[in-house]
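Asker: Encoded as C-alpha cells, here's the structure I'll be asking about.
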C-alpha cells in the first residue's frame, strides 16, 4: 500500500492527515494543538524585511531555503520574483548587514546532453520561480522552478533533506552541488570536495556521498570561518567534479583548494526517467565527518518516506514550543492570528544552538550559541520573550555568553558564523544578563562569573572595542561622558569611531544593569557605584537646544565641555534617516535621532520627566510630537519602547492608542508586512508583545501594560509547569472596549500600570476589565513604573 504520493500537493495532504492522527493518538486534540497552521513564513520577505522563510527548528543551526539572486537576499529567499540559484542549508534571519551564509546550494537542473554540457556558473544557470510559488510552513519549504522542477526541503537540527520532483521524464535529472558560492560570494579558499560510493547498511542502498568544506568571511564581523558538509544521494548514475567551467566526469576530488571567486562543485546525474529523488545533507562547524554523523542519526531514511517523517517531526517540534502560549481566539480575525503566531514563531529562530559542534573551544562543557545578530537588537524584545516561553533555552544562552567571556575576555554584542561581529551600540550583553538575572533564570548559570563578565565590560577596554566590550572607558572616567572624537581609544580599523552620544546612553543603562546584578550577588558597594554611573547619560543633556517647540535634548559633547549641536531630528525618518549607520560618517547617534534617544532612560524616567522635560504634561505632549511629526522609527529597535512610554506619565490609555496604531499601521500579513529588518526576530517579537498587551523594559523586572488582542492568554512554564494567565473582561477585539478600567492580580485589586516577572515564574492570573473610555486606572504616582528617584529598584 503506497500512502506517500509523488504529487507534492497530495503528499502535503497526507502529511497533514498523519500529523492529526499523531496528535489524536497523544490525546491532545484541541483548537490550540496546531498553531503552526497560522504561521506564514513569508511575512517580511520583501521590502527589506530579510526574513528567513525556509525550514528550520527552534534555535537550530540548519536553516534551509531557496536563495534568490537579489540585492535584498540577506535571509536567502526574497518575494520579489528574483531568479533562484539553489537551496542551501545555512542562513540567518532578518539581518540588516551583508547577506549571511548560504553555502552548499543544491540546484536541480537538466543538461542539454551529457554531464559535460551542464552549465555550472551561478548566474548563467539560475532559474525563475513559478508564478504563485513558493509555499511553506514551520519545518517545510517548497518552490516551483521554471526549469520543470518542484524543490522541497525539510530539516532537523543539523541536517536537511531535499526532495526534487519533475514531470520531464524524457531527460536525466542532474543535481548540481555548489561548493563555493555563499550569498555574499565571500569564499576565501581552503575548499575541498570528495566523492565516494557507499552501501547503506540499513537499506542496502547505493549512496553517492559528497563531503568537504571551505573558508568564508562573516557578513558583519572580522576574521574567517570554516564550515563542512556531507551530502548523500541514492541511485546516482554518473557524477562529475566541476572546476571553473571545466567538467571532469568520474573525478572524485577537486584538483586544488581554490581561491576567491572560484566556481567549484559537483554534478550528480540520476537515471533517465527519474521523476523524483531525494538528497540528504548534514552540516557541521567542526568536520565533514561530524556532518555525516548528524545526517545519519537525524535523518536515517534517504527516501520520500524519510522526507515526510522529518517534515512531520519538525512541525510537531514547533507546535510543542508554540503551545506554551495558549490564546482564546474566539472572535479574533484570521489576520490577527496569523500575524501573532508568525511573529511568535520568528522570535525563536535565532540565535542558533551549536552546543557540541563548537570549533572555537571544543573542550568546554558549556552550551554554545551563535548568530547573535545582534544583541543590540534582540536584548530589547526577543530574549525577554524567551524568559517566559523558553526559560531553559534562555539559561543556555546566558551560560554560552559567559563562556564567551571566559575564552575571549569580554562579552560580545554580535557573533555570527563563529566569528566576532561588530558592536552596534552599548555592551548590551550586560543588560541581557541582568534581564535574566532579575527574573530568576538560574539553571546551570555561574552568576559570579556573569557578574565578573559585566564588570570587565565596564572597566577594561579591549584593543578591538569595535567587536567586544566598550570604548571610551578612560575618557568617561575623567569627563563623565564620551567626547566627540575621543582620542583615548585604541586605534584600529575594527573600531568605528563616532556614536559618542548614543553609546553613552546605552553604556549608562548597561551600568544600571550591572548595578542590579551587583545588588543581587551581595556587592552593595558595586551596586552604589554602578547606580551612580548609570546617571552619566544626563551629562549630555543640553537644556538650550530647541526643536518643534520643546527645549532640552541629548547632544554630543567635546572634551572641552562644550556641546556639539546636532539637529535633534537628524537620523529620524524626516531627516538623514540613512546617515547614521556603522561607518566613519555615521555621526554621534546610531540608527535613531536625538529626539528618539532623549527618551532612553528606562531606569530613571521620572527624574527625566520632572526635572529635565518640564513635567508630566510636557512629557506627554513631547511624546505625542515624537510620533506625530515622524521623528520615531519603529522600523529600528530604539523605536519600540517609546510606544509604551505613556505609562510613565500616568496615561496607559495613550499607550493603548499608540501601540494599536503602530501595530495596525506598520505590521501586516503581507510579504512587506514589517517596517524594517526582522533583526533575528526583533520585529516579530515587538508584534507579539503588542498583541499580548504588555511590553518588557529589558534588563529589569518590569513589563508595561497595554491591552490584549485576545480574550485570554495563558503561558505555561515548560520547566515548572506553572501557568500565568491574562484575561480581559468586556473584550471586543480592542475596537471599542480597549481601555483598562480596573484590574485584579490573583484576585486582589491591582492599580499599577505595570507588572513584574513573578506572575510568569510562580504563576498567577491578571484580570483586566476593559471599557470604551480612558479611566483613572494606572494614573496615580504610586501606579507608575519604577524609577531610581522614586525608589522603584
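Nothing in this text is a laboratory measurement; each read-out follows from the coordinates by a stated rule. Predicted, not measured: the structure shown is a model, and the values here were computed from it. Cβ sites come from the backbone with ideal geometry, for glycine too, and all protein chains shown count toward neighbours.
Asker: At each listed q (0.11, 0.22, 0.25, 0.27 Å⁻¹), what is the log10 of I(q)/I(0) that the Debye formula gives for the stretch 263-340 modelled as equal alpha-carbon point scatterers?
Answerer: So the normalised log intensities are -0.56, -1.11, -1.22, -1.26.
Asker: Can I ask one more? Using 7 Å Cα-to-Cβ label points, what is the residue 205/residue 735 separation (nm, one decimal)?
Answerer: Modelled inter-label distance: 5.3 nm.
Asker: Convex hull over the Cα atoms of the stretch 35-322, averaged projected area in nm²? Write down the numbers at each step before the final one.
Answerer: Numbers: hull surface 54.6 nm².
The number I arrive at for the stretch 35-322 is 13.6 nm².
Asker: Using Cα-Cα distances under 8 Å and only pairs 6 or more residues apart, what relative contact order does the stretch 35-322 have, in percent? Provide the component values of the computation, followed by the final result.
Answerer: Values: 815 pairs, mean separation 54.7, N = 288.
Averaging sequence separation for qualifying contacts and normalising by length gives 19 percent for the stretch 35-322.
Asker: Please give the contour-minus-distance gain from residue 392 to residue 252: 0.36 nm per residue of separation, less the Cα-Cα distance, rounded to one decimal in nm. Kindly include the intermediate steps, with their values, before the conclusion.
Answerer: Details: separation 140, 0.36 × 140 = 50.40 nm, distance 4.48 nm.
The span from residue 392 to residue 252 would gain 45.9 nm if fully extended.
Asker: Given 4 °C and 1.567 mPa s, how large is the Stokes-Einstein diffusion coefficient of the stretch 325-705 in µm²/s, with Rh as the Kirkwood radius over Cα pairs?
Answerer: Details: Rh = 21.0 Å.
D = 62 µm²/s.
Asker: Based on the mean of other beta carbon atoms within 10 Å per residue, what is the order of 311-317, 249-255, most packed first?
Answerer: Values: 311-317: 21.0, 249-255: 14.9.
Answer by packing, highest mean first, reads 311-317, 249-255.
Asker: I've got another one for you. Any chance you could list the semi-axes, whole Å, largest first, of the equivalent ellipsoid that the Cα gyration tensor gives for the stretch 205-291, using √(5λ)? Mind dumping the intermediate values first?
Answerer: Values: eigenvalues 138, 58, 24 Å².
Rounded to whole Å, the semi-axes are 26, 17, 11.
Asker: For the chain, give me the percentage of DSSP beta bridges that are antiparallel, rounded to the nearest 5 percent. Please list the in-between numbers first.
Answerer: Numbers: 109 of 115 bridges.
Bridges in the chain that DSSP calls antiparallel: roughly 95 percent.
Asker: Moving on. Sketch the reach of a paramagnetic label on residue 492 as a point 7 Å from Cα along Cα-to-Cβ, and name the residues of the stretch 426-459 whose backbone nitrogen lies under 19 Å away.
Answerer: Counting only backbone N, you get 426-430, 453-459.
Asker: Taking 25 °C and 0.890 mPa s as the conditions, I'd like the Stokes-Einstein D for the stretch 657-784 in µm²/s, using the Kirkwood hydrodynamic radius from alpha carbon pairs. Before the final figure, lay out the partial values.
Answerer: Details: Rh = 15.5 Å.
The estimated diffusion coefficient comes to 158 µm²/s.
Asker: Continuing with this model, one more query. Using the alpha-carbon atoms, what tilt in degrees (0 to 90, nearest 10) does helix 288-298 show relative to the longest principal axis of the chain?
Answerer: 90
Asker: Now, a different point. Can you give the angle from 0 to 90° between the axis of helix 500-520 and the longest principal axis of the chain, with both taken from C-alpha atoms, to the nearest 10?
Answerer: So the inclination is approximately 80 degrees.
Asker: Given the rule -39500 (n - 2.57) for each run of at least 4 DSSP H residues, summed and divided by the residues of the chain, what is its mean residue ellipticity at 222 nm, to the nearest 500 deg cm²/dmol? Could the numbers behind the result be given before it?
Answerer: Values: 19 runs with 210 residues, N = 793.
Taken over the chain, the calculation gives -8000 deg cm²/dmol.
Asker: If you don't mind, there's one more thing I want to ask. Rg and Dmax of the stretch 435-537, using alpha carbons, in Å: what are they?
Answerer: For the stretch 435-537, the Cα-based Rg and Dmax read 14.3, 43 Å.
Asker: Also: Expressed as cubic angstrom per residue, what is the convex hull volume of the alpha carbon set of the chain? Walk me through the numbers before you get to the answer.
Answerer: Details: hull volume 118.3 nm³, N = 793.
Taking the convex hull of the Cα positions in the chain, it is 149 Å³ per residue.
Asker: Relative contact order, percent, of the chain when contacts are C-alpha pairs under 8 Å separated by at least 6 residues? Spell out each step's value before the answer.
Answerer: On the way: 1947 pairs, mean separation 90.6, N = 793.
This gives 11 percent for the chain.
Asker: So what are the three principal axis dimensions of the stretch 82-215 from its Cα atoms, in whole Å, longest to shortest?
Answerer: 44, 37, 33
Asker: Assuming 0.692 mPa s and 37 °C, estimate D for the stretch 120-170 with Stokes-Einstein, Rh taken as the Kirkwood radius over Cα pairs, in µm²/s. Before the final figure, lay out each step's value.
Answerer: Details: Rh = 12.3 Å.
This corresponds to a translational diffusion coefficient of 268 µm²/s.
Asker: Could you work out the relative contact order of the stretch 363-512, using alpha carbon pairs under 8 angstrom and six or more residues apart, expressed as a whole percent? Mind dumping the intermediate values first?
Answerer: Working: 233 pairs, mean separation 34.9, N = 150.
Here the relative contact order equals 23 percent.
Asker: To test your reading of the geometry: what angle, between 0 and 90 degrees and rounded to tens, separates the Cα axis of helix 8-25 from the longest principal axis of the chain?
Answerer: So the inclination is approximately 60 degrees.
Asker: Along Cα→Cβ, 7 Å out, is where each label goes; now give me the distance between the ones at residue 551 and residue 611 in nm to one decimal.
Answerer: 1.9
Asker: Further, regarding this structure: Determine, from the Cβ-Cβ distance of residue 133 and residue 463 and an R0 of 45 Å, the FRET efficiency 1/(1 + (r/R0)^6), rounded to the nearest 0.05.
Answerer: Taking R0 as 45 Å, the efficiency between residue 133 and residue 463 is 0.35.
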